[in-house]
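The values are calculated or read from the model by the stated rules, or taken from the named source; none is laboratory data. A quick note: this is a predicted structure, and the numbers were derived from the prediction, not measured. Counting neighbours? That spans all protein chains shown, and the Cβs are built from the backbone with ideal geometry, glycine included. Heads up: the accessible areas ignore ligands, DNA and RNA and are worked out on the full protein's heavy atoms, side chains in. Shrake-Rupley method; radii C 1.70, N 1.55, O 1.52, S 1.80 Å.
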Amino acid sequence: DIKGIEQVVKLYFTNGFYKESLLYAEKIIAFDTSIYKFDNTEILRYIQNCKFAIDAIQNPVDFNPKNLGLNINSDYEEYLPAISVDGNTLVYSRRYIRNNIFQEDFFISEKTSSDTWSKSQFYSDNLNTYGNEGAFSFSPDKNMAVFTACDREDRVGRCDLYLLINGRTYNAGKVINSREWDSQGCFSPDGKYLYFVSNRAGGYGGKDIWRSEITSAGFLEPENLGPVINTKFDEMSPFLHPDNLTFYFGSNGHIGMGDDDIFVSRRKNNLE
């Protein structure tokens with residue numbers, strides 16, 4: 001049963017057994033797909049990922065992650081961290097129980113030394129609601145922020161991008177938001193663009209990364225970042241380094257270690 005073998009490939013891959021996954025994936029490729037009427041595109045992708053993962057494990061890169069400690073982390077889930085350009089303010093999402101309601105809220109912390117952070121605080125009722133908020137990002141001067149909220153009364157789609165300006169929140173509007181899913185906004189360090197993720201029509205895959213130029217008149221029509229960044233699968237979590245040249249993002253479409261990996265792309269100058 002070729003479908004059964006495919007499930008074995010996925011199971012081994014998901015659990016990090018790359019050699020075993022590769023073995024069964026290559027067995028599928030050996031079948032005559034014209035007889036079995038089976039599209040092997042997904043299996044070829046697993047083979048590429050497995051080969052990359054096996055090589056990466058054999059040639060590791062030095063990496064020493066450090067837990068941010070109890071001032072940031074708790075017994076609940078903390079994720080989607082956003083740090084200001086000056087490196088001194090951290091905002092992240094926490095999924096927890098508040099007033100007997102299970103929800104997502106923003107928490108904020110300030111750096112107290114080179115490697116320590118203050119006890120994180122609930123980020124004001126003007127920003128957090130009893131709905132879900134996530135994916136916060138500061139503008140370069142910290143005078144504005146963008147974040148995602150879902151199912152609010154002023155929404156355009158189910159999940160929209162919102163702006164935080166002078167303690168008040170605003171829907172980013174119909175140029176940025178669509179009837180589809182719009183989320184995970186990020187300002188460029190020069191303040192000229194807003195990058196975000198959307199599954200709107202006109203993309204290359206399920207979720208793509210887009211950007212909109214910021215002008216004195218507001219946001220311009222968003223443009224897709226193109227096939228170098230986006231694939232027919234999902235891209236997410238854009239972050240442009242303060243050098244305005246180094247772009248980090250998540251993807252399950254590029255070749256990597258797992259279903260969702262972190263990738264980096266570098267451009268030669270700020271004119272691209």
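What the table shows:
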| read-out | value |
| --- | --- |
| Within the stretch 157-178, tally of residues that are at pLDDT 95 or above and either surrounded by 21 or more Cβ atoms within 10 Å (Cβ to Cβ) or in a loop (DSSP other than H, G, I, E, B) (or both) | 10 |
| Lone unmet requirement of (1) open to solvent by 40 Å² or more (accessible area, probe 1.4 Å); (2) assigned to a strand (DSSP E or B); (3) touching a Lys or Arg at 6+ places or on another chain (Cβ under 7 Å); (4) free of Cβ contacts under 8 Å to residues at least 40 places away in the same chain for residue 236 | (4) |
| Residue list for the stretch 213-232, filter: over 18 Å from residue 146 (Cβ atoms), in a loop (DSSP other than H, G, I, E, B) and open to solvent by less than 50 Å² (accessible area, probe 1.4 Å) | 226, 229, 230, 231 |
| Residue in the stretch 25-63 that is most open to solvent (accessible area, probe 1.4 Å), counting only those that are part of a helix (DSSP H, G or I), among the aromatic types (Phe, Trp, Tyr) and at pLDDT below 95 | 36 |
| Residue 75 more than 30 Å from residue 155 (Cβ to Cβ), open to solvent by 50 Å² or more (accessible area, probe 1.4 Å), within 24 Å of the chain's Cα centre (by Cα) and modelled with pLDDT under 90 | no |
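Quick grid of which residues meet (1) surrounded by 16 or more Cβ atoms within 10 Å (Cβ to Cβ); (2) aliphatic (A, V, I, L, M):
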{"position": "3", "(1), (2)": "no, no"}
{"position": "19", "(1), (2)": "no, no"}
{"position": "69", "(1), (2)": "no, no"}
{"position": "85", "(1), (2)": "yes, yes"}
{"position": "89", "(1), (2)": "yes, no"}
